[in-house]
Amino acid sequence: MASSDKVVMILIGVAVSIFLIYRIFIWLQSSPRSFIKDRLPLNKDILPHPAIDLLEAAGYEVIGGKLKIPLSFQVDGSNMYSRLFIDYVASKEEDNFYLVILSRPRKGLEFTGSGLRDTLLPYLLIYPECSGVLYVNTAASAIHLIKLGKDDGESN
């Protein structure tokens with residue numbers, strides 16, 4: 001092999017090595033944790049609340065504070081506005097992120113299929129990459145983990 005052939009082979013090897021290192025770096029950056037942090041706006045201002053102690057005692061880490069999600073609807077040509085609120089964003093382990101909704105005395109959550117659908121489905125549809133919703137009832141010191149499933153039509 002001539003010396004010019006060796007130089008070309010070394011350059012090809014260096015280029016392939018750089019490309020592989022770059023692809024591995026991109027793959028590591030696109031882990032589920034970084035993806036959800038990019039997709040889900042996190043409010044770094046976390047206001048103290050007794051629910052945070054409950055969540056931490058259950059093994060969750062609160063990583064985001066209150067979020068306001070503005071919604072806009074157009075009905076017969078006129079605009080109507082509303083918003084949804086997420087009280088906290090919590091994580092457990094590396095890849096699990098949960099939207100935290102606190103119980104409200106005047107707006108209780110009905111633990112029926114239709115009650116959960118009406119109350120929580122908008123949150124789960126807006127952020128489908130999250131692992132579920134944590135409904136925290138501070139008065140009862142209870143945390144309810146609610147995940148969205150799909151009915152296969154086989155149940156009664």
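The values are calculated or read from the model by the stated rules, or taken from the named source; none is laboratory data. Predicted model only: the values in this text are computed from it and were never measured. Just so you know, the surface numbers come from the protein's heavy atoms only, side chains and all, with ligands and any DNA or RNA stripped out. Shrake-Rupley method; radii C 1.70, N 1.55, O 1.52, S 1.80 Å.
I'd like the orientation of helix 3-29 relative to the chain: the angle between its Cα long axis and the longest Cα principal axis, in ° from 0 to 90, rounded to 10.
Orientation of helix 3-29: about 10 degrees from the principal axis.
Suppose only helical runs count, i.e. DSSP H with n ≥ 4. What mean residue ellipticity at 222 nm does that imply for the chain under -39500 (n - 2.57) per run, divided by all residues and rounded to the nearest 500 deg cm²/dmol?
After summing the helix terms and dividing by the residues of the chain, the value is -12000 deg cm²/dmol.
Enter the angle in degrees (range 0 to 90, nearest 10) between the Cα long axis of helix 113-126 and the first principal axis of the Cα atoms of the chain, meaning the one along which they spread out most.
30
Heavy-atom accessible area per residue, the chain, 1.4 Å probe: how many Å²?
It amounts to 70 Å² per residue over the chain.
Across the stretch 70-156, what fraction of all alpha-carbon pairs, as a whole percent, falls in each successive 5 Å bin from zero upward?
Result returned by the calculation: 3, 11, 20, 22, 17, 13, 9, 3, 1, 0.
Would you count, across the chain, every pair of lysines whose alpha carbons are under 23 angstrom apart, provided the pair is eight or more residues apart or spans two chains?
Count of close lysine pairs: 15.
Relative to 2.2 N^0.38 Å, what does the C-alpha radius of gyration of the chain come to as a ratio? Two decimals please.
1.55
Quick one: what Rg and Dmax do you get for the stretch 34-118 from the alpha carbons, in Å?
15.4, 49
What relative contact order, as a whole-number percentage, does the chain give when Cα pairs under 8 Å and 6 or more residues apart are counted?
Dividing the mean separation by the residue count of the chain yields 16 percent.
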